[in-house]
Amino acid sequence: MEMDKQQKSQTPLGESDNQQAEQQFFDSVAQVIEQTRAGIERTVNLSMCVNYYEVGRMIVEREQSGESRAAYGAKVLERLSGYLTERCGKGWSLANVKNARQFYNVYSPAIRQTSISESNRLGFLYDFFKTNWSNYLVLMRIDDEKVRAFYEIEAVGQGWTVQQLKRQIASGLYERLALSRDKDEVMRLSKEGQTLEKPQDMLKSPVVLEFLDLEQKEVYSESDLESAIIANLQQFLLELGKGFLFEARQKRFSFNEKSFFVDLVFYNRLLQCYVIIDLKRGELQHQDLGQMMMYVNYYDRHVKLDYEKPTVGILLCNERDTNIVELTLPENSNIYASEYSLYLPDKKLLEEKLAEWTAAFEERELLQSIE
């Protein structure tokens, strides 16, 4: 009788263990399928890139041999497009055939720098191309090799869609990051992409918020700006850059029986620190900087854990006076003022600014070496 009771009491537990083991088995099978699908998708994307590169190579080699020139060459591409479409199906329109030729012309110089045998060429190409064909269609239209390399690294590392890649290029992300760095760090951008090693690495000049659609309003408040950011949080996180996690808006804390509210609180997992953002409509005042200092000090003393890095404060404003910022803040403070723009910047103007900045930096270096 006692044994029957024990068996009855053990039966539900046994069933529970079986169900748990079965669920783990199901999850394992599903993970294999999902990983395989991801692998297939990646293989298909890489195959498209290798395909177009090889077709481009054959077209260029034929042109260089003198068999295809000018008007005659254009007719050959038209006929090739028609033949490939009929035999191989979609994906070989005249525009895509021309894209294949451009793709080869853009990327072949870098590939030719590596000595590879004919038998290993295709394997090398599969390793060389890192993102998908849609992204390469955008990347290959960037003339500057360093800028192109930066966007390719970021597209791969951040998993950007083609729409996100286009937006980052249109917003002049490379130029805005470069204008916030010294020459050595600018050189690293094209080799490593955006690296986050210190708070200054997250800064851009300016922060571009065109996706908020606030430029259509003649008058908007700081509350409007904050609400628009929350409504477009995914795009705002893309603009902020790597490692950002959203924690709260209008975060309340109390001190000396008074309540204070921080506009936006984020956490950067790469820097392991809180990032407090305060929004300012109009020109930045020294009182705004003082208020941010209090917010940062509070988080450092009462919120930050021992293993975490010091809190970073960023004031986003329409206008900033660099002299006021430097005079108000103590040296080595973790507080920064960044201007924001509600419009996509003029890329040409950004490029000119970067060229002027580079020339001025090199001139200073030269004078220092002479002294």
The rounded separation in angstrom of the Cα centers of the range 180-224 and the range 96-127 is 34 Å
Set the Förster radius R0 to 30 Å, insert the Cβ-Cβ distance between GLU308 and GLU331 as r into 1/(1 + (r/R0)^6), and round the FRET efficiency to 0.05.
0.85
On the principal axes of its Cα set, how long, how wide and how thick is the chain? Give whole Å, largest value first.
97, 84, 49
Rounded to 5, the percent of DSSP beta bridges in the chain classed as antiparallel
50 percent
The lysines whose Cα lies under 18 Å from the Cα of LYS130, excluding any fewer than 8 residues away in the same chain, are LYS146, LYS166, LYS191
How far, in nm, would the chain grow between TYR267 and ASN120 when pulled straight, counting 0.36 nm per residue and subtracting the alpha carbon separation?
48.4 nm
With a Förster radius of 41 Å, plug the Cβ-Cβ distance of ASP346 and MET187 into 1/(1 + (r/R0)^6) and report the FRET value to the nearest 0.05.
0.95
Once the dipole of the chain is set up with Lys and Arg at +1 and Asp and Glu at -1 on Cβ about the Cα centre, which of ALA30, SER338, TYR174 lies farthest towards its positive end?
ALA30
Segment ASN105-GLU63, length gained on full extension (0.36 nm per residue, minus Cα span):
13.9 nm
So, with points 7 Å from each Cα along the Cβ direction, the VAL156-GLN287 label distance in nm works out to 5.1 nm
For every helix of n ≥ 4 consecutive DSSP H residues, a contribution of -39,500 (n - 2.57) applies; sum these over the chain, divide by its total residues, and give [θ] at 222 nm rounded to the nearest 500 deg cm²/dmol.
-19500 deg cm²/dmol
Under a Cβ-Cβ cut-off of 11 Å, what is the net charge of the residues other than GLY241 that fall near it, where Lys and Arg count +1 and Asp and Glu count -1?
0
Filtered hits (lysines, Cα-Cα < 22 Å from LYS304, offset >= 8 within chain) -> LYS198, LYS242, LYS251, LYS258
Give me the lysines in straight-line cross-link reach of LYS98: C-alpha distance below 19 Å, same-chain residues under 8 apart excluded.
LYS75, LYS90
Can you find, among ALA21, TRP357, GLY313, the residue farthest towards the positive end of the dipole of the chain? Put +1 on the C-beta of Lys and Arg, -1 on that of Asp and Glu.
ALA21
So if we plug the beta-carbon distance of GLU54 and GLN163 into 1/(1 + (r/R0)^6) with R0 = 22 Å, what FRET efficiency do we get, rounded to 0.05?
0.20
Given a cut-off of under 8 Å on Cα pairs at least six residues apart, what relative contact order in percent is computed for the chain?
12 percent
To the nearest 20 debye, the chain has a Cα-centred charge dipole, built from +1 on Lys and Arg Cβ and -1 on Asp and Glu Cβ, of 1340 debye
Relative contact order in percent for the range 98-221 (Cα pairs under 8 Å, 6+ apart) equals 21 percent
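Bear in mind these aren't lab numbers, they're just calculated from the coordinates by the rules spelled out. It should be emphasised that the depicted structure is a prediction, and the values quoted were computed from it without experimental measurement. Cβ sites come from the backbone with ideal geometry, for glycine too, and all protein chains shown count toward neighbours.
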